Number of protein chains: 2
Amino acid sequence: MSDNHEFFMRRAIELAQSGIDKNAGGPFGAVIVKDGKIIAEAHNEVTSTNDPTAHAEVTAIRRACKELDTFQLDDCTLYTSCEPCPMCLGAIYWARPKQVFFAGDRIDAAAVDFDDQFIYDELEKAIEKREIPFLRILREEAIPVFDNWKNKKDKQEY
Amino acid sequence: MSDNHEFFMRRAIELAQSGIDKNAGGPFGAVIVKDGKIIAEAHNEVTSTNDPTAHAEVTAIRRACKELDTFQLDDCTLYTSCEPCPMCLGAIYWARPKQVFFAGDRIDAAAVDFDDQFIYDELEKAIEKREIPFLRILREEAIPVFDNWKNKKDKQEY
C-alpha cells in the first residue's frame, strides 16, 4: 500500500516537472486517485491559462469532479507534490477527499519564492488589518437573500 | 464614490438571488470592477456545474482574468455579497485586486449552514491534527523539481 502511495506521488512530481518543461506555470503537480486508479491529474497552469486559481490541486479537483459527475470527492485520495496553499486547502475542504499526501511543504515552496505563509498570515488577521483592504457595506440588503436560501424548498445543499 | 460602491454591491446581491432562482448553487454573488466598469460577474455554480471551486468570487476572478488577458487583477475592486471563504480569500491574494467589499459575513453564512469557520479553524491547526489526514512522503524526490524551477532561465513568475 505504501508502495502505491509512492507510485502516485511520483506521478504528481513528474507532472510538476512537465509543467515546468511546458512553461505552463509553477512547479507543482497533483493526482487524484479513487479505487486504486488515477481519475484526474494536473500541473499548475496559472501563467499559461491566465487563471490565478489554476493551481495543480484546484485543477485536479475540477477534473476529478467532472470525471465523477459530482461536486464531492468521496473516498478519493489527493497526491500533491507540495503542501497546498490556503486556496487549495480551502478547495480540498469543499471537495472532501478522504486524505491528502504531500511531498514538499510551505517552507520548501518559500525557498523557491512561493510565499504561501504570507497568505496564511493574512487569513489569520482581523479583517481590518489585512494588506488588501476588506470593507463592509450593505449587510442589510444581503441578509434577505440568505433568508430566501434558507426558506427555499428545493435547494441542493453542498 | 460611496454610491458607486453601493451600486456594484447591489449587483452582487442581485446575482446571489439569481443563482438561487436558477438552482445554480449557493446564495452568493460577486462582481469585479475596473475603471468604474463591471468586467466580470458571477454567482455560485457549485452544484449546477459539479465544481466545488465554483464559488462566486473564484468564478468572477477567472472571468475577469480571461477578460483582461492576465493572471493579476491590478487596480480592480471585487464586490462580493458575503465575506469570502478561505478558498476564495486565497484566490483573492493570488489575483491581487486592490480592494474587496463584502456585505454578509462568515457568521451570517453560518446561519444559513455554510460553515466557513470550520475551514478557517482547520487551516490554523497543525497539519497532523486536521480532520482530513495530511501525510508527508517523498520530500527528497520533490525538492529537485523545485531546484529545476529555481534554476530555470525563462520562467514566468507570478
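The values are calculated or read from the model by the stated rules, or taken from the named source; none is laboratory data. In this text the structure is predicted, and so the values were computed from the model without any measurement. Cβ placement follows ideal geometry from the backbone for every residue including glycine, while neighbour counts extend to all protein chains displayed.
Give me the residue from the range B:89-105 that is over 15 Å from B:L68 (Cβ atoms) and in a helix (DSSP H, G or I) and, out of that set, nearest to the other protein chains (Cβ to nearest Cβ). Ranking the qualifying residues of the range B:89-105, first place goes to B:G90. Does at least one position in the range B:70-82 carry a residue that is over 21 Å from A:D51 (Cα atoms), modelled with pLDDT of 95 or more and touching a Gly at 6+ places or on another chain (Cβ under 9 Å)? Yes: the range B:70-82 contains one or more residues that are over 21 Å from A:D51 (Cα atoms), modelled with pLDDT of 95 or more and touching a Gly at 6+ places or on another chain (Cβ under 9 Å). Taking the numbered list (1) part of a helix (DSSP H, G or I); (2) farther than 22 Å from B:T47 by Cα; (3) acidic (D, E) in turn, A:D147 passes all entries but (2). Entry remark, the range B:1-44: residues being in contact (Cβ under 8 Å) with a residue 40 or more places away in the chain and in a loop (DSSP other than H, G, I, E, B) number 4 in total. Run A:D108 past the list (1) free of Cβ contacts under 8 Å to residues at least 24 places away in the same chain; (2) within 7 Å of chain B (Cβ to nearest Cβ); (3) part of a helix (DSSP H, G or I); (4) closer than 16 Å to A:F28 by Cα and report the number of the one that doesn't hold. For A:D108, the exception is condition (1). Screening the range A:135-144 for residues that are out of contact with any Ser or Thr (no Cβ under 6 Å at 6 or more places or on another chain) and assigned to a helix (DSSP H, G or I) and picking the one that is nearest to B:D21 (Cα to Cα) gives A:P144. Residues that are facing chain B (nearest Cβ under 7 Å), touching a helix residue (DSSP H, G or I) at 6+ places or on another chain (Cβ under 8 Å) and outside any helix (DSSP H, G or I) within the range A:116-134 comprise A:I132, A:F134, listed in sequence order. On the given criteria, is A:D51 charged (D, E, K, R), surrounded by 14 or more Cβ atoms within 10 Å (Cβ to Cβ) and part of a helix (DSSP H, G or I)? For A:D51, the condition - charged (D, E, K, R), surrounded by 14 or more Cβ atoms within 10 Å (Cβ to Cβ) and part of a helix (DSSP H, G or I) - is not met.
Being at the interface with chain B (Cβ under 7 Å from one of its Cβ atoms), buried (at least 24 other Cβ atoms within 10 Å of the Cβ) and under 24 Å from B:H55 (Cα atoms) is the requirement here; does A:V58 meet it?
Against the criterion (at the interface with chain B (Cβ under 7 Å from one of its Cβ atoms), buried (at least 24 other Cβ atoms within 10 Å of the Cβ) and under 24 Å from B:H55 (Cα atoms)), A:V58 qualifies.
Kindly indicate the residue of the range B:54-88 that is among the polar types (S, T, N, Q) and in a strand (DSSP E or B) and also farthest from A:L73 (Cα to Cα) among those meeting that condition. I'd like the intermediate steps shown before the answer.
We begin by selecting, within the range B:54-88, every residue among the polar types (S, T, N, Q); these are B:59, B:70, B:72, B:77, B:80-81.
Then drop every residue that is not in a strand (DSSP E or B), which leaves B:77, B:80-81.
Details: B:T77: 33, B:T80: 27, B:S81: 27 Å.
Checking each candidate, the answer is B:T77.
Here A:E141 passes the criteria (1) in contact with a strand residue (DSSP E or B) (Cβ under 8 Å, 6 or more places away or on another chain); (2) in contact (Cβ under 8 Å) with a residue 12 or more places away in the chain; (3) within 21 Å of B:F28 (Cα to Cα) except the one numbered (2). When A:K152 is tested against (1) closer than 18 Å to B:F134 by Cβ; (2) at the interface with another protein chain (Cβ under 7 Å from one of its Cβ atoms), only condition (1) is not met.
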